[in-house]
1. I'm trying to understand the selection: among the residues of the stretch 18-67, which are small (Gly, Ala, Ser) and free of Cβ contacts under 8 Å to residues at least 24 places away in the same chain?
2. Quick one: which residue in TRP135, TRP97 is buried (at least 18 other Cβ atoms within 10 Å of the Cβ) and at pLDDT 95 or above?
3. Considering only residues that are modelled with pLDDT of 95 or more and more than 12 Å from the chain's Cα centre (by Cα), look in the stretch 42-53 and name the one that is nearest to SER123 (Cα to Cα).
4. Tell me whether the stretch 30-41 contains one or more residues that are over 19 Å from PRO144 (Cβ atoms), surrounded by 15 or more Cβ atoms within 10 Å (Cβ to Cβ) and modelled with pLDDT under 95.
5. Taking the conditions exactly as written (on the phi < 0 side of the Ramachandran plot and either buried (at least 17 other Cβ atoms within 10 Å of the Cβ) or in contact (Cβ under 8 Å) with a residue 12 or more places away in the chain (or both)), does ASP13 satisfy them or not?
6. Just to verify a result, which residue in the stretch 48-63, among those that are basic (Lys, Arg) and in a helix (DSSP H, G or I), is nearest to GLU108 (Cα to Cα)?
7. Can you confirm whether the stretch 28-41 contains a residue that is farther than 17 Å from LEU124 by Cβ, β-branched (Val, Ile, Thr) and in contact with a helix residue (DSSP H, G or I) (Cβ under 8 Å, 6 or more places away or on another chain)?
8. Residues that are within 20 Å of VAL103 (Cα to Cα), modelled with pLDDT of 95 or more, touching a Cys at 6+ places or on another chain (Cβ under 9 Å) and not basic (Lys, Arg): does the stretch 13-20 have at least one?
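The values are calculated or read from the model by the stated rules, or taken from the named source; none is laboratory data. As the structure is a computational prediction, the values presented were derived from the model and not from experiment. Heads up, the Cβs are rebuilt from the backbone with ideal geometry, glycines too, and the neighbour counts pull from every protein chain shown.
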Amino acid sequence: MPNLTFYRQARMDAGIRTGIDLDEDAVFENFEEGGPEPDPTLLWYVELRCQGPGLPDDPREARTWLIDHAEVICDGFSRCASEFEAGRDIDAYPFLWSKFSNVPPGVEMTIACATNRRNFSISLPSLLKDIELCWRERLLQLQPAEWVA
């Protein structure tokens, strides 16, 4: 059964990685450089986890599927953000949300998010809203992932 994950994560060095995993393999990525001293420790992450027989198993089709279902996905990010506008206490992470409406047949969707600091947990609703508002643009910016030897 295919697993499709969209992720956006911020690092301690201010770098931000956005990408798509298909069956736990990175297939598309974009990395926005951070500061001069690399530190890959995560400050926060947000993932859209999709699972089920209704998902494509080809990387190009996976990105197209995420774009084609933008309305359902973005509505989910918007509603998830509004459910905890004040943020979440960091001991309750990772936070999982799966109250999507009109999910395509044969697919389950869950938003997972976590932070390692209280100030980022307070801003999590705005991070979710940013993903919603920039969904298509960010997907189109992704490049095929390169394997590191």
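1. Step one: of the stretch 18-67, the residues small (Gly, Ala, Ser) are 19, 26, 34-35, 52, 54, 62.
Of everything in the stretch 18-67, those that are small (Gly, Ala, Ser) and free of Cβ contacts under 8 Å to residues at least 24 places away in the same chain turn out to be GLY34, GLY35.
2. Numbers: TRP97 fails: at pLDDT 95 or above.
Just one listed residue meets the conditions, TRP135.
3. GLN51
4. yes
5. Numbers: on the phi < 0 side of the Ramachandran plot: yes; either buried (at least 17 other Cβ atoms within 10 Å of the Cβ) or in contact (Cβ under 8 Å) with a residue 12 or more places away in the chain (or both): yes.
The answer is yes for ASP13.
6. Quick first cut of the stretch 48-63, residues basic (Lys, Arg) only: 49, 60, 63.
Still in the running and in a helix (DSSP H, G or I): 60, 63.
Working: ARG60: 20, ARG63: 17 Å.
In this case the residue turns out to be ARG63.
7. The first filter runs over the stretch 28-41 and keeps only residues farther than 17 Å from LEU124 by Cβ, leaving 28-41.
Of the ones still in play, those that are also β-branched (Val, Ile, Thr) are 41.
Subsequent filtering for residues that are in contact with a helix residue (DSSP H, G or I) (Cβ under 8 Å, 6 or more places away or on another chain) retains none.
No: zero hits.
8. Applying the first criterion (within 20 Å of VAL103 (Cα to Cα)) to the stretch 13-20 yields 20.
If we keep only those that are modelled with pLDDT of 95 or more as well, we get 20.
Next, from what is left, pick out any that are touching a Cys at 6+ places or on another chain (Cβ under 9 Å): none.
Looking for residues that are within 20 Å of VAL103 (Cα to Cα), modelled with pLDDT of 95 or more, touching a Cys at 6+ places or on another chain (Cβ under 9 Å) and not basic (Lys, Arg), one finds none in the stretch 13-20, hence no.
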